[in-house]
Amino acid sequence: MSIGRDTIEVLVSAQWEKVLGALPGSIDDNFFELGGDSFKAARVASGLRMALGKEVPLHEMFDRPSVRTQAEFLRSQDTEGARGLVTMKADGGGAPLVLLPGGGGSLVGLGAFAGRGFDRPVYGLRAPGLCSGEVPVGSVGELSAHFADVLSAAAIPRRVHLAGYCFGGVFAYHLAEVLTGLGWEVLSVTLLDSSLAAPDLPHEEIVGQRLAQLMAGAGMDEPVEGPLTPDTLFARFQESGHDLLEEDAEAFQRRLNVYASLWRIVVDYRPQPVGIPVLLYSLPDRLDPQPPSAPVVSDWSELGCARFQQVDLPELDTALTAHPPVLEGVEKWLQESEGTAC
């Protein structure tokens with residue numbers, strides 16, 4: 001499973017894996033205790049410098065020997081990688097793979113796609129709204145326009161694959177339409193357990209559900225005194241010693257707002273069939289039991305895409321985005337889509 005709670009930590013852990021041959025066990029593992037040395041530290045610094053387009057002094061790798069502390073330094077430098085496009089893997093012979101963010105707006109959980117099993121550059125996009133001063137977008141059109149601007153400003157080939165997990169698959173599908181209209185060649189779209197069945201809920205209820213999920217995920221069974229709000233849950237996390245990415249309640253609130261805004265985007269989205277190859281990996285619980293928001297179609301197979309494939313998977317013991325057969329299947333699909341499979 002990938003290590004990292006946000007885009008920057010995912011990027012750092014991917015560089016560690018490339019240099020050390022394996023992911024760290026946690027974001028607090030010591031680089032040098034895992035077999036790192038000055039030469040390998042220099043390679044990590046070089047990889048981060050290439051990915052972010054920013055100077056990464058070698059001494060910072062020694063002063064900050066964990067994924068957590070290296071990511072803290074990179075965030076403090078106001079890196080472009082924190083705000084737009086992140087290079088998760090710079091080399092490979094195939095067409096680039098661009099990963100779209102899930103509900104949290106970042107690339108958490110997608111680090112395995114930057115592993116050695118993929119023979120291509122891998123990039124990731126981050127949704128606006130997570131950084132101070134940014135505003136979450138209000139429609140899928142605005143989101144795709146933002147992503148198209150970020151990609152167009154980057155020096156990457158205009159012949160790409162798109163993929164996304166959960167909400168990210170919806171965003172990848174729409175972005176494929178937008179990029180095609182701008183003259184890009186989108187070779188394929190991969191939907192990783194993505195559903196169109198997002199219930200139409202108000203912002204406050206979406207945030208409330210997310211707070212309850214975070215609480216349950218942390219194993220907090222005892223009720224919070226008074227109403228469950230972002231401030232009260234953030235304080236509860238701090239008091240109990242549970243790990244959170246955000247250092248303050250304001251940043252935590254921003255993440256929740258991004259989550260709710262992306263949910264609302266899926267509710268309002270009405271997809272159209274595309275001529276691009278589309279592959280869907282589907283787990284048994286992918287479809288929400290509540291009625292879908294789109295009245296025309298309830299699932300991807302009903303869109304009438306010219307080239308659509310669906311792979312139904314059993315319940316997995318590991319995360320879908322870290323499951324080796326899925327990763328291998330996606331790379332094979334990418335190769336077939338660009339006509340390079342053996």
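Figures for the structure shown
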quantity	calculated
Residues of segment 11-29 satisfying the condition of being hydrophobic (A, V, I, L, M, F, W, C) and within 17 Å of Asp63 (Cβ to Cβ)	Val12, Trp16, Ile27
Count of segment 315-339 residues which are of a type outside the set (Ser, Thr, Tyr) and either modelled with pLDDT of 95 or more or in a helix (DSSP H, G or I) (or both)	15
Filter pass, Arg43 being at pLDDT 85 or above, among the basic types (Lys, Arg) and outside the structural domain of Ala155 (by TED's automatic domain parsing)	yes
Subset of segment 1-32 [over 14 Å from the mean Cα position of the chain (by Cα) and assigned to a loop (DSSP other than H, G, I, E, B)]	Gly21, Ala22, Leu23, Pro24, Gly25, Ser26, Ile27, Asp28, Asp29, Asn30, Phe31, Phe32
Top-ranked residue in segment 284-298 [being buried (at least 17 other Cβ atoms within 10 Å of the Cβ) and not small (Gly, Ala, Ser); ranked as modelled with the lowest pLDDT]	Pro292
Index of the failed condition, Val140 passing every other in (1) surrounded by 14 or more Cβ atoms within 10 Å (Cβ to Cβ); (2) touching a Leu at 6+ places or on another chain (Cβ under 8 Å)	(2)
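The values are calculated or read from the model by the stated rules, or taken from the named source; none is laboratory data. All values derive from a computational prediction rather than experimental measurement. Quick reminder, even Gly has a Cβ in these numbers, built from the backbone with ideal geometry, and neighbours come from all protein chains shown.
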